[in-house]
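The values are calculated or read from the model by the stated rules, or taken from the named source; none is laboratory data. Nothing here was measured: the structure is a model prediction, and the numbers come from that model. Every residue, glycine among them, receives a Cβ derived from its backbone with ideal geometry; neighbour counts consider all protein chains shown. The area values use the complete protein model at the heavy-atom level, side chains included, leaving out ligands, DNA and RNA. Shrake-Rupley method; radii C 1.70, N 1.55, O 1.52, S 1.80 Å.
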Amino acid sequence: MTHCHTLIEDLRQKGYRLTPQREMIVNIIAHSESHMSADHIYHQVQERTEAVNIATVYRTLDMLVSEGLVCRTDLGGGKIVYATREHGPHMHLVCKSCHSVIDANHAPLTLLGQELSKKYKFQADLQHISIFGLCQKCQERKVNR
């Protein structure tokens, strides 16, 4: 079964009605090779049909996030992106100055998650996060001012 069909089947088993609009949105995000904004998803849906509005895209994404099938990540500057859990655990390092995004190894977060659980009895969702700071180029620019 393809990833798209798995997502659709998961939603059906949870009792959701799968309208053609929802199926299109799930199909687009499931077949994406990268993170997508709601606007990007909306424009791809619009290429297929004009029967879907942006509110439907946001409602569907909210439902997918609440069911744990899709991750929502803030990349700063109002840029929110979505990806299915198939993308696997990873983190983004986002430069607050130039807004570049570096995909980073997720391994260091495992220790953080264990420490938060042990010390605070808190189970953090560290599967897909952004960490804000300054990239090397912006750090160098700041020093050379």
Nonlocal Lys pairs with alpha-carbon distance under 24 Å, the chain (8 or more apart, or different chains): 4
Computed label-point distance, nm, for sites Ser117 and Arg85 using a 7 Å Cα→Cβ extension: 1.6 nm
Antiparallel bridge percentage (DSSP; both residues within the chain; nearest 5): 60 percent
Rounded accessible area per residue of region 7-145, 1.4 Å, Å²: 63 Å²
Coarse-grained scattering of region 77-145 at q = 0.23, 0.24 Å⁻¹, given as base-10 log I(q)/I(0) from a Debye sum over alpha-carbon atoms: -1.03, -1.06
Carbon and sulfur %, accessible surface of the chain computed with the full protein complex present, 1.4 Å: 50 percent
Rg over Rh, two decimals, region 2-126 (C-alpha only, Kirkwood Rh): 1.01
The chain - percent relative contact order, Cα under 8 Å, separation 6 or more: 18 percent
With at most 13 neighbouring Cβ atoms within 10 Å, loop GluC sites (Glu not before Pro) (DSSP) excluded, longest segment of the chain: 68-145
Over the chain: helical MRE at 222 nm, DSSP H runs n ≥ 4 each giving -39500 (n - 2.57), nearest 500: -14500 deg cm²/dmol
